[in-house]
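See structure below.
The values are calculated or read from the model by the stated rules, or taken from the named source; none is laboratory data. This one's a predicted model, so the numbers in the text were calculated from it and none came from an experiment. No Cβ is skipped: glycine too gets one built from the backbone with ideal geometry, and neighbour counts run over all protein chains shown. Surface areas here come from the heavy atoms of the whole protein model, side chains and all, with no ligands, DNA or RNA. Shrake-Rupley method; radii C 1.70, N 1.55, O 1.52, S 1.80 Å.
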Amino acid sequence: MNAAADPRATPATGPAPDTAPDTAPGTAPGTAPGTAPGAAPGAAPGAAPAPAQTAIAAHAGAPLVSRMRGVVRLRLNRPSEHNRLDPADVDAIAGLLASLRREFDADPRTVRALVISGSGERSFSSGYTLQAIRDELDHRLEDMLDALETLPVPTIAAINGGVYGGATDLALCCDLRIGVVGTRMFMPAARFGLHYYPGGLRRYLSRLGLAAATKLMLTAATIEADEMLRIGFLGELVAREQLDARVDACVEEILRTEPLVVSQMKHHLHALARAQADTAQGRALESSMLQAYEASLRSQALRERLDALLRG
């Protein structure tokens, strides 16, 4: 399963744009000289250290994760390639989500929220590359996104830049979406000849409504931040320099709530939204969507369009 990268956002090569080549020895890349180890870049001397970030898998470009006070922060980690998703990233994120669910089930106080963001300032994520769509598209991304959508804690997408293809659905899986001025979104599936998978269509419709979902899916139009806010893709739109503070304020609000009650209400809100899908008619519709999606994956049109885009 999956979705796609913006074909106009050709991955750049070379070092990530926010990596400092002249970082002092022993200092984390991107950390200003004189910053205390573990402190956030730009933090005042003596500020509380930020939680350490570690890769969630061994492969290059794997997402980074940190944790403090039960708040897990996941950062996509390919800034020079628009934070594209690799199938190996999807597997690793799925493993992280399964681990967080097990922790919550054992003790709801241990995991309070999940924040997802992208590295750098250009893109939140561009989804899968065209090559991955052509050669490696399967059920893994859809399964991971379904797990994210149903994670029993509040989830926040901190949208720090452009969001394209399958990454738009990643954002829609999150309970709260906060974006920065100047961002944009694009869903190119129709241009590729790819019928979108059932879970993604359901989320587009339930989150954005029929008019917006129709425009985005059927025309593959690019929309800007103001329209993203108007249709509900974004819940809030802030200046770039305010993004971290606004996300932190939302996290503080969540930490003041009762975790088990929040989990139950999240479950029931989603169940109410999906009630019609659990009827015989709803199940028949989902089966029809799945058949159309799988047929599009096997289609000659999809391969020809992707090959043409890859040839440039």
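Heavy atoms of the protein chains alone define the surface here; on that basis region 176-277 has 50 Å² accessible area per residue at 1.4 Å probe size. Evaluating 6.51 cos²θ - 1.76 cosθ + 1.60 at θ = phi - 60° for every residue in region 143-155, the Karplus couplings come out as 4, 5, 5, 4, 5, 5, 4, 9, 4, x, 10, x, 10 Hz, glycine and proline recorded as x. Descending by average beta-carbon neighbour count within 10 Å, the peptides 127-139, 191-203 line up as 191-203, 127-139, the highest first.
Listed values for region 299-312 are Karplus-derived 3J(HN,Hα) couplings in whole Hz (6.51 cos²θ - 1.76 cosθ + 1.60, θ = phi - 60°), namely 6, 5, 4, 4, 5, 5, 5, 5, 4, 5, 5, 5, 6, x, and x replaces Gly and Pro. Each residue of region 183-195 was assigned a 3J(HN,Hα) from its phi angle through the Karplus expression (A = 6.51, B = -1.76, C = 1.60, θ = phi - 60°), giving 6, 8, 9, 7, 10, x, 3, 5, 5, 8, x, 9, 6 Hz with x at Gly and Pro.
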